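Structure record follows, encoded as structure tokens.
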Amino acid sequence: MTLFRALFELDGDQRMSRGVARAIYAVVVVGIVVTWVAAVVLGFSQGTTLGILALLLGWVPAVLWIACARIILEFSTAMDALIERPAGGRAAH
């Protein structure tokens, strides 16, 4: 319940926790892997050559998308940590 509340709250009261970032990352990775498998299956349904190309080369954009998702989530959690920490280095709470 907390995951969905943190994802869809619009007031800016709650910061993204590492748990939310992990959940988003897991969903993104599963979605990218399912998309790659679907591309391989569709490639083989169109012909053997396309299937082999999708199998051998389809992982490259998948890895790039996963890397982009990881970088964005790491940046977001780092910015949240910086926002909560004042210049003195102590926690704001």
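The values are calculated or read from the model by the stated rules, or taken from the named source; none is laboratory data. Source: prediction; values computed, not measured. Cβ sites come from the backbone with ideal geometry, for glycine too, and all protein chains shown count toward neighbours. Just so you know, the surface numbers come from the protein's heavy atoms only, side chains and all, with ligands and any DNA or RNA stripped out. Shrake-Rupley method; radii C 1.70, N 1.55, O 1.52, S 1.80 Å.
List pairs: first in segment 63-82 and farther than 18 Å from G31 by Cβ, second in a helix (DSSP H, G or I) and open to solvent by 70 Å² or more (accessible area, probe 1.4 Å), Cβ under 7 Å, 6+ apart or cross-chain?
Final answer for the pair search is T77/R18.
Cβ-Cβ distance below 6 Å, separation of 6 or more or different chains: which pairs start in segment 43-55 with a residue that is within 17 Å of V33 (Cα to Cα) and end on one that is open to solvent by 90 Å² or more (accessible area, probe 1.4 Å) and assigned to a helix (DSSP H, G or I)?
Every condition considered, the pairs that remain are G43/L50; G51/F44.
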